[in-house]
Amino acid sequence: MDWGFWLPQIMLFSSLIPALVIFLLRDEQFWPRTILNLSASGLKLILAGFMAWGVLAEGRTYEASLPFLHDQELLLRVEPLSLMLVGLSSILWFITTIYAIGYLENSPHRTRFFGFFSLCVTATIGIALAGNLITFLIFYEMLSVVTYPLVVHRGTPEALAAGRTYLLYTLGGGVLLLIGIIWLQVLAGPVEFVAGGTIQFLADDHQASLIVIFALLIAGLGVKAAIVPLHRWLPEAMIAPAPVSALLHAVAVVKAGAYGIVRVVYDVYGLELSRDLGVLIPLALIASFTIIYGSVRALTEFDLKRRLAYSTVSQVSYIALGTALIGPAATVGATVHLIHQGVMKITLFFCAGVFAEARHIHDIREMSGVGRSMPLTMSAFTLGAFGMIGVPPLAGFVSKWHLGIGSLESDQPWVIAILITSSILNSAYFLPIVYKGWFGEPHEDIEGVEAERFQIREAPWSLLGPSLTTAGVSLLAGLLAAWIYSPLSLAEIVANQRIFLP
Amino acid sequence: MIEAAIWVILIPLICGLAAFAIGGRTSRLLGLIGAGLTTIAAFLLVAEVWVNGVWEYSLGGWEAPLGISLRADGLSTFMIAMTAVVGLGISLYAVRYFALTPGPSPDPSAPLRTGAGRGEKSQATWLPSESYWPLWMLLWASLNALFLSSDIFNLYVGLELLTLASVALIILERERASIIAGLRYLLAAFLGSMAYLLGVALLYAEAGVLDLQLLADAELTGTAVQVAGGLMAVGLLLKAALFPMHFWLPAAHSSAPAPVSAALSALVVKAAFYLLIRLWFEVFEPASSIAVEQVIGVLGATAIILGSFQAIRQARLKMMIAYSTVAQVGYLFVMIPLAGSFGDPQDVWRFEAWTGGLYHALSHGFAKASMFLAAGVILSSLGHDRVWNLAGSAARFPVIYLSFGIAGMSLMGLPPSAGFVGKWLMLTSAVESAQWWWAVILLVGGLLTAGYVAIVLSQALQRDVEIDREPDPIPRIMTLSVFGLAVLSMLLGLRAAEPLEFLEIGAPFQTLITTVEE
């Protein structure tokens, strides 16, 4: 069997087929659905591990090319950069599935939920494996559509309103991306992703067009990456159930946008052409503005999930910022943050879901003293929050460190100021929560009964376990950064393929 | 077996006549057999054309210009295959649909005449469920005859048969609204046929032949030809319901029973479009001009924008879907300026637009049939199709709404659907030919489509449910045909290379195709 051809496709089908089967099940069929979910996500995890081993240790390439239109093909390719997003989504899908099974027990429409959930993962894997622009576009748009039923899952008027906003933004973004891609392909023919870029030959004749196309592509991708001013859907979409916010809005959807920006800058335009066109500085400025704006907005939100959402707005733009800087360390910082931000933010959202489910806490002012009765959950939350701030040796520190070095390498020292300001703001909106959670006086109205106030009552393990796992991963990603399968090592390989020294 | 092409006309015709003669419950069985066999014949024809290229046949051995000849190239076979698959889905659905909605009880005190059956015996013996099958088979036969005919007078005969069958089907349930809509449709279609026939007469006077190939070879130009072309075009545009000649469509398509609505929107409108495309790019190409093409495009663009807005404003689901057809027909005609004489005759993008428009027709066929059939399920199960009262119904028929969503994706042109392929090709062509305005229209139209699809889905996904009555259970075969058609509209987007290659067989633009192949 030709693994190189089949493996990328099996990777897609390992969540597509379960999704279709799940749709045929009834809500009450808990065990068939759960077994299917867990075995499919487990299988995907194993396949991802196998691919990682094949690519990193054996130096293999997995590539599947299927005819699509007369001069276009669907291209799925596994290489270190795609491996990053594949690995991230496979691991987090597995963990989130466990969490979601616990979270949604006894709630209605579970069949619909898990079916679309698996479709979302399929779309994300497709985005990760896409080897050319049209394949990327197909899965990118598919992701927009299949997340909609999850956003409106609760069916309340607020959820439906959020769903409308969500569709408006993502479909609008899709239109910009579509027209950008078509324009680019009219000039360049089918565009494959190749480290270093493929369209340099257009630089002389089509400079103005290339700049406009770049703007269209980044605007289209920026909607999902929640770059200000295209970010508004993200806080709205927090109405969705916690596992959706955790995996999709902290990881899959925003990552799809950020990953797309990485692909466009490094693998379509290439750093050299992007610099010559003068599009990197504006990108860096927009990303910096988003970082600061998101953090400031997070300060003003008291709903926990909304605060986390604005934090996501801010943190995802680190990736765009690193992409806009020239220099290997910046590339490392940008790509490693693809993974680090995902792991840290999913921890925080898991914990927010636990607080909401177990204690009905939605507002951060109600969190006072919650650490006393839920020490493990609060520990996980603390690890996530410290990671976001960038406290060593957590994952967030590794990202920020590389971004800082990168900014010096590329002669943009002002970026350091952005990073420091952002860290201060991160502390300003996370530390009070952490402090009050551990040291505040528990609210009377949480439990009411004086004696139970200090009793430890954690959430069920199906919710707690995933939260602790991802918290642990975000710690290990920092501690074991030198290990060859660590996100950092992977990011260094990715950066080495795309090295460009000014 | 070589004559599969003749069987695609004969089988539905024979089954239809037999169903008509025998009547009663047997007609359903005959209809199903007819649908199955016609589909098989259609795919034998596809295989034949795929292997051997363009297929030609002269009835009775008389060659054109004397005899009647049939011709199957990539385009006509493409349409026949689409009709076969959509038709099969509709037939399977119809088996249970009419059992579910028996229609108004045959009441002798209501002296409404259907005007449908030449041999109508009496009101009491012809239920909608029984008269549906002969008419539907006749419709199918006339569609296939139209796709295969290769002379402009036979095409007229096909058009007329199609109109008669359609009108009879629209008024099948003999309700006041549908009879009014049906008569309006009859008048519009009749006017269209007359204009077309007048054009045929003028053209015959000018060229002396009726055969499409001979007309094409003659490379006709001149005022008389332009007038003839104009008349034929107006006639066909009226039948294809291009804005502003769409006035008859929404009422007619929405008041018919669901399987009929599906056939009308998915197939019958396409027949007029098919004929127009064939004439435009084969016969009247030399007589055409950029100005005329741009005008057609503007009408198409207006249809897209206004039709979509109208669809968004509709309070009834079937009306919404019917207005969506008005908008989607607009997309088909934006193809004309893109594939027409705007640029250099050797520009490859003309061919891309041509295939793009036809692929869009294909995707719309599957998606719209699925949507109308879905609306039929909703209507017959809930007892109404008021868009703003659908709250909570997604929980009751999830597969129906899933299909509606998938079909909606295809109409929006979102990947990976067949609609995306059509839109991609047309957009590429618009950008390549620097006709930016069409690209903008195509994209805005997609967003507007998302608007009305989202209205339906978000209503249906609402949680608070007031149940008037427990909905009737939906027969599985109906759900399956709705879902199957929607899924096909998606699958045709995942693997478009072969259907697109198939369209090249015998297509105009032969010189351009070789360039594409490189």
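The values are calculated or read from the model by the stated rules, or taken from the named source; none is laboratory data. Since the structure is predicted, the reported quantities are computational estimates derived from the model, not experimental observations. Cβ: placed from backbone, ideal geometry, glycine included. Neighbour counts: every protein chain shown. Remember, those area values only see protein heavy atoms, side chains included, never the ligands or the DNA or RNA. Shrake-Rupley method; radii C 1.70, N 1.55, O 1.52, S 1.80 Å.
With everything on Cα atoms, drop me the angle between helix A:280-300 and the longest principal axis of chain A, reported from 0 to 90° to the nearest 10.
Between the helix axis and the principal axis of chain A, the angle is about 10 degrees.
I'd like the chymotrypsin sites (Phe, Trp or Tyr not before Pro) in the stretch A:228-305 restricted to DSSP loop residues with at most 14 other Cβ atoms within 10 Å, sorted by number.
In loop regions of the stretch A:228-305 (DSSP not H, G, I, E or B), the sparsely surrounded chymotrypsin sites (Phe, Trp or Tyr not before Pro) are A:PHE302.
Which entries of A:LYS255/A:LYS345; A:LYS345/A:LYS436; A:LYS44/A:LYS400; A:LYS224/A:LYS345; A:LYS400/A:LYS436; A:LYS305/A:LYS400 have Cα-Cα distances beyond 22 Å here?
A:LYS44/A:LYS400; A:LYS400/A:LYS436; A:LYS305/A:LYS400, as the Cα separations exceed 22 Å there.
Which length gain, in nm to one decimal place, applies between A:ARG365 and A:ILE424 when the Cα-Cα distance is subtracted from 0.36 nm times their residue separation?
Answer, rounded to one decimal: 19.2 nm.
For the stretch A:357-488, build the charge dipole from Cβ charges (+1 Lys, Arg; -1 Asp, Glu) around the Cα centre, then report which of A:GLY387, A:VAL415, A:MET367 sits farthest towards its positive end.
Most positive-ward Cα: A:VAL415.
What accessible surface, in Å², does a 1.4 Å probe find on A:ILE405, ignoring ligands, DNA and RNA and rounding to the nearest 10?
The accessible area comes out at roughly 60 Å².
Around B:ILE290, under 15 Å between beta carbons, what's the net of Lys plus Arg minus Asp minus Glu among the other residues?
That sum, taken over residues with Cβ under 15 Å, equals -3.
Could you compute the FRET efficiency for A:ALA417 and B:TRP437, with r as their C-beta to C-beta distance and R0 at 41 Å, rounded to 0.05?
0.35
Counting Lys and Arg as +1 and Asp and Glu as -1, what is the net charge of the other residues whose Cβ lies under 11 Å from the Cβ of A:LEU81?
+1
Can you give the angle from 0 to 90° between the axis of helix A:375-389 and the longest principal axis of chain A, with both taken from C-alpha atoms, to the nearest 10?
30 degrees
When the accessible area of the stretch B:290-518 is computed with all protein chains present and a 1.4 Å probe, what percentage of it is carbon and sulfur?
Its accessible area is 64 percent carbon and sulfur atoms.
With a 1.4 Å probe and all protein chains kept in place, how much accessible area does A:LYS400 have, in Å² rounded to the nearest 10?
About 20 Å², ignoring ligands and nucleic acids.
Show that you can apply the helix-only estimate: for chain A, add -39,500 (n - 2.57) for every DSSP H stretch of four or more residues, divide by all residues, and state [θ] at 222 nm to the nearest 500.
Here the helix-only value at 222 nm equals -23500 deg cm²/dmol.
From the residues A:LEU280, B:GLY199, B:ALA263, which one has its Cα farthest along the dipole of the protein assembly as shown in the positive direction, the dipole being from +1 and -1 charges on Cβ of Lys/Arg and Asp/Glu about the Cα centre?
B:ALA263
Looking at the stretch A:20-102, which trypsin sites (Lys or Arg not before Pro) are DSSP coil and have at most 11 other C-beta atoms within 10 Å of their C-beta?
A:ARG26
Relative to the Cα centre, what is the charge dipole magnitude of chain A, using +1 at the beta carbon of each Lys and Arg, -1 at the beta carbon of each Asp and Glu, and rounding to the nearest 20 debye?
560 debye
I'd like the interface area for chains B and A: accessible area of each alone minus the complex, both sides summed, 1.4 Å probe, protein heavy atoms only. What is it in Å² to the nearest 100?
Buried area (both sides, nearest 100 Å²): 3100 Å².
When the Cα centres of the stretch B:128-156 and the stretch B:367-400 are compared, how far apart do they sit, in Å?
One Cα centre to the other: 29 Å.
For the stretch B:405-443, state which residues have at least 30 Å² less accessible area in the presence of all protein chains than in their chain by itself, taking the probe as 1.4 Å and leaving out ligands, DNA and RNA.
B:MET409, B:LEU414, B:PRO415, B:PRO416, B:PHE420, B:TRP424, B:LEU427, B:VAL431, B:TRP436, B:LEU443
Given charges of +1 on the Cβ of Lys and Arg and -1 on the Cβ of Asp and Glu, with all other atoms neutral, how large is the dipole of the stretch B:290-518 about its Cα centre, in debye to the nearest 20?
Using only the charged Cβ atoms, the result is roughly 880 debye.
Please list B:MET245, A:MET11 in order of solvent-accessible area, largest first, computed with a 1.4 Å probe with all protein chains present.
B:MET245, A:MET11
Please give the contour-minus-distance gain from A:PHE439 to A:LEU299: 0.36 nm per residue of separation, less the Cα-Cα distance, rounded to one decimal in nm.
The A:PHE439-A:LEU299 span can extend by a further 48.4 nm.
Calculate, for chain B, the solvent-accessible area per residue in square angstrom, rolling a 1.4 angstrom probe over the heavy atoms of the protein chains.
On a per-residue basis, chain B sits at 34 Å².
Based on alpha-carbon centroids, what's the gap between the stretch B:413-432 and the stretch A:286-353 in Å, whole number please?
34 Å
Roughly how crowded by other chains is peptide B:496-505, in terms of the mean Cβ count from those chains within 10 Å of each of its Cβ atoms?
2
At 1.4 Å probe size, with no ligands or nucleic acids counted, give the accessible surface of B:ARG96 in Å², nearest ten.
110 Å²
Using a 1.4 angstrom probe on the protein heavy atoms only, could you order A:ARG112, B:ARG176 from most to least accessible area?
If we order A:ARG112, B:ARG176 from most to least accessible, we get B:ARG176, A:ARG112.
Need the per-residue list for the stretch A:166-196: every residue with at least 40 Å² less accessible surface in the complex of protein chains than in the chain by itself, probe 1.4 Å, sorted by number.
Buried by the other chains: A:LEU171, A:VAL175, A:LEU178, A:ILE179, A:ILE182, A:TRP183, A:VAL186.
Let's see if you can work this out: charge +1 on each Lys and Arg Cβ, -1 on each Asp and Glu Cβ, no other charges. What is the dipole magnitude of the stretch B:125-280 about its Cα centre, in debye to the nearest 20?
Once rounded to the nearest 20, the dipole reads 480 debye.
Tell me which of A:ALA358, A:ALA219, A:VAL55 sits at the most positive position along the dipole axis of the protein assembly as shown, charges placed on C-beta atoms (Lys, Arg +1; Asp, Glu -1).
Comparing the listed Cα positions along the dipole, A:ALA358 ranks first.
Around A:TRP3, with a cut-off of 14 angstrom between Cβ atoms, what is the net charge of the other residues, counting Lys and Arg +1 and Asp and Glu -1?
Neighbour charge sum, excluding A:TRP3 itself: -1.
Would you please report the Å³ per residue occupied by the convex hull of the alpha carbon atoms in the stretch A:135-222?
88 Å³
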